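Here the structure is laid out as structure tokens; the discussion comes afterwards.
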Amino acid sequence: MTTTEQPTLAQRVGARIERARLMRGLSLRGLAEALDGKYSHTTLQKYEKGVICPDTGALGFIARALDVRPDYFLKSNQLKLEHVEYRKHSKLGKKAQKQVKEEAFEFFERYLEIESILSVPYEALPQYDLTNVSLEELAAVIEEKALKLRKLWKVGMNPIPNVHTMLETHGVKVKILADRDGFDGFSAFASTEGHRIPTVALSRKNADDVKSDVTRLRFTAMHELAHLILLLPDYLKPAEKERACHRFAGAFLIPKEVFVGIFGQNRIKISIAELVAIKEEWGLSCAAIMARARDLGLITAGRYKTFCILKNKWGWYKTKKEPGSWMGNEKSSRFKQMVYRALSEEVITASKACGLLSISSAELAESFDFVG
Ligand SMILES: [Zn+2]
């Protein structure tokens, strides 16, 4: 197929079958097995390559085996994810990377579909070009950009009650994925119809996991946003870019001026109780608060190092959770709200709502009652 030719229906459906299969982490043989041998892996391969087009019966079986709705295969392929940036890239295998990408992507497609149905205006994410900033100035410029974004988004200088909702309000699509070893999050732009849609995928640890602290989710979300918003200088090494994004996350979540005010300068002794109090108020982990204090020169590098040694000795994130908790839940219902609104206004049918929400008609009937 040359680039000017439009893909055939068989090719489009085939590409979607492959993506759904990758989303479930299955090989072609694995899918053939899940189909109880109704279709051989070579037939499935022909479907995926667009050599033959499966009939509706076959699509129904494949949809059931992959736990997607049959209309998933008929959607257009206009949305494309570019530059997927994984945090802790190396710890997530190639297959798992494809899986999280497709899982998030499938949600972003549904999200953009309902926004398009409701004609929600597109909001562009600001881009801060730091490519010509010197290494000496970089930290100060990042602090300044974090403040600039707070101003632009009109969030004042107070703690951010819900990072997830804040991002979605400003056009960033956020997908929370189930816990997966070695995966914290990724960010990417999805291109569609001439727009670049910012997307972030995050992993929510199981409640009993020693790393399940919701403050980590908030921090990772802001770190991933930094990847999308900052154009960092080319001379930075990958680890330095990570640190720059950490810096932005901290600077946004607790602005310098506020932090210096509550923490004070040249601190020698700091108690866990104090860190917990700041954590409860601002939604940053104790570890992130100490890192912020070091970044701003409120404690020495040596003091920070001592804290890290102690933290390991206490077994934080290894054998137990960090003390203190953040009261917010970091959940967003924006997507659901839009679907229910469209359904109430009869802009979409019940079956479309089921497709968008990925639920059965029985589940929809249970949740949907008119109040007026
Ligand atoms: Zn990163």
For the chain, averaging the sequence separation of alpha carbon pairs under 8 Å that lie six or more residues apart and dividing by its residue count, the contact order in percent is 17
Sorted largest first, the C-alpha extents of the chain along its principal axes in whole angstrom are 71, 51, 43
Counting only DSSP beta bridges fully inside the chain, the antiparallel percentage to nearest 5 is 60
Residues other than VAL174 with Cβ under 12 Å of its Cβ, Lys/Arg counted +1 and Asp/Glu -1, net out at +3
Dipole check, the chain, charges on Cβ (K,R +1; D,E -1), about Cα centroid: among LEU59, CYS286, PHE189 the Cα furthest to the positive pole belongs to CYS286
With a 21 Å threshold on alpha-carbon distance, the violating pairs from LYS91/LYS279; LYS256/LYS279; LYS91/LYS318; LYS91/LYS237; LYS75/LYS352 are LYS91/LYS279
For LYS205, the aspartates and glutamates lying under 18 Å Cα to Cα, once residues fewer than eight places off in the same chain are dropped, come out as GLU103, ASP179, ASP181, ASP184, ASP213, GLU224, GLU322, GLU330
Any residue on another chain or 5+ positions along whose placed amide H is under 5 Å from the amide H of LEU177 is listed here as LEU202, SER203, ARG204
Karplus ³J(HN,Hα) for region 180-191 (6.51 cos²θ - 1.76 cosθ + 1.60, θ = phi - 60°; Hz, whole; x = Gly/Pro) runs 8, 4, x, 10, 9, x, 8, 10, 6, 9, 9, 9
Taking the dipole of the chain about the Cα centre (Lys, Arg +1; Asp, Glu -1; charges at Cβ), the one of GLY261, PRO7, ALA178 that reaches farthest to the positive side is GLY261
Taking Lys and Arg as +1 and Asp and Glu as -1, residues besides ASP55 with C-beta under 14 Å from its C-beta add up to +2
Per the helix-only model, the chain has a calculated mean residue ellipticity at 222 nm (DSSP H runs of ≥4, -39500 (n - 2.57) each, divided over all residues, rounded to the nearest 500) of -16000 deg cm²/dmol
In whole Hz, the Karplus estimates of ³J(HN,Hα) for region 354-367 (6.51, -1.76, 1.60; θ = phi - 60°; x where Gly or Pro) are 4, x, 5, 7, 6, 10, 7, 5, 5, 5, 5, 4, 5, 8
Over 25 Å (Cα to Cα) among LYS151/LYS173; LYS305/LYS331; LYS95/LYS305; LYS211/LYS305; LYS98/LYS175 -> LYS305/LYS331; LYS95/LYS305
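The numbers here are math on the coordinates, done by the rules we state, and not lab data. As the structure is a prediction and not an experimental result, all values here were calculated from the model. Cβ atoms come from the backbone with ideal geometry, glycine included; neighbour counts cover every protein chain shown.
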